[in-house]
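Values quoted throughout were computed directly from the atomic coordinates according to the rules given, and no laboratory measurement underlies them. These figures come from a predicted structure and were not determined experimentally. Cβ: placed from backbone, ideal geometry, glycine included. Neighbour counts: every protein chain shown.
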Amino acid sequence: MQTKPAFTDKDLDEVYSFAVQLGKDAGKLLLEAAQLRYSPTRQSVKEQLVEKENAVDIVTKTDEDVEAFIKSSIAAKYPSHKFVGEETYSKGSTRSYLIDDSLPTWCVDPLDGTVNYTHLFPMFCVSIAFILKGVPLIGVIYAPFLNQLFTSCRGRGAWLNETQALPLVRNPIPPMPGNAPGGCIFSCEWGKDRKDIPDGNLYRKVESFLNMAAESGGRAGKGGMVHGVRSLGSATLDLAYTAMGAFDIWWEGGCWEWDVAAGIALLQEAGGLVTTANPPGEPTTADIEEVKLGSRLYLAIRPAGPSENESGRAGQERTVREVWKRVRELDYQRPGA
């Protein structure tokens, strides 16, 4: 039986260069489509919006066109690779999919932040991840309206616009605050589950947001007194800004692989930690486990340097445990799984 040749460093470098250029080209298509919506020198265009699950879960023609461009480009260059894209996947009959280690895999969101895009709020992007044996090794995130290109490759660093290493503050990288989540910027999303069900995901999120924001000692001791709460409307950019160090903490449930794969690659290469959003059933002092891609529950902590009393990783894990004390368990299952 003939075995497949190993994937070499040279192969990874080639894929990285291809992925970066592909992200730039796809981002240009997004920008051109956005310009059609506002430029007085261009023909007026009314883009069709189609609801998927509810009024905040939509797809546009731009989503589908950009994904088709990315998919065909990858197929021409790497015909043996697997492709997972939001729009093609969403039209399938099941959502039981989990990325496995059978083939090199591309995981793509052609337009993350579709609602933002339709309102011309600039927080939208193309997200491209390359995954080998279940591990996101390459992440390319391009927000063309902001002219921000985030790229990373395992062992080659994480970058903003290919020149600035992430995190941006590096000399030295600041430790997590000693009173975290106090002193932190907390990023979160309202999500697509808007069901008005007492103790449903929406209510649990709101309670968690209040706990994180409230004064220290408030809310029966759960008050986190974070510096600020931010919601960008794009899980991909939430992770990119956490890798950049602009956000300290990101907490979310309900994401699919294409929402987070490139961001996880970027954040981990920058030195961040990604684990599960849901607190464990019992308090634990064990090491925090890295999240499994596809879990739909994510808690991310920015890259952190050491302090006088603890390592950077210890500070990240301490912050995770403090967040877990203040957030509610979310219920996001994989339909059909």
> From the backbone phi of the range 263-271, what are the Karplus-calculated ³J(HN,Hα) couplings (6.51 cos²θ - 1.76 cosθ + 1.60, θ = phi - 60°) in whole Hz, Gly and Pro given as x?
Replying inline: x, 5, 4, 5, 5, 5, 5, 6, x
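Taking the Cα centre of the chain as origin, work out the dipole magnitude from +1 charges on Lys and Arg Cβ and -1 charges on Asp and Glu Cβ, in debye rounded to 20.
Numbers: 36 positive and 43 negative charges, 43 e Å.
Charge dipole, the chain, about its Cα centre: 200 debye, nearest 20.
What Kirkwood Rh does the range 185-324 have if only Cα atoms enter the pairwise 1/r average? Answer in Å. Mind dumping the intermediate values first?
Values: mean 1/r = 0.0651 Å⁻¹.
By the Kirkwood definition, the hydrodynamic radius is 15.4 Å.
Express in nm, to one decimal, how much length is gained between PHE69 and ARG156 on full extension, taking 0.36 nm for each residue of separation and deducting their alpha carbon distance.
Numbers: separation 87, 0.36 × 87 = 31.32 nm, distance 2.69 nm.
Contour length minus the Cα-Cα distance gives 28.6 nm.
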> In the set (1) 30, 53, 17, 0; (2) 31, 58, 11, 0; (3) 34, 60, 6, 0, which value of P(r) over Cα pairs in 20 Å bins from 0, in percent was calculated from the structure you see?
Replying inline: (2)
> Sorting LEU36, LEU12 on the 10 Å Cβ count, fewest up front, what's the list?
Replying inline: LEU36, LEU12
>> Test of understanding: extend the Cα→C-beta vector of LEU31 to 7 Å, then name every residue of the range 146-170 with backbone N under 15 Å from that spot.
In response: 146-150, 161-162
> Where does helix 235-244 land angle-wise versus the long Cα axis of the chain, in degrees 0 to 90, nearest 10?
Replying inline: 70
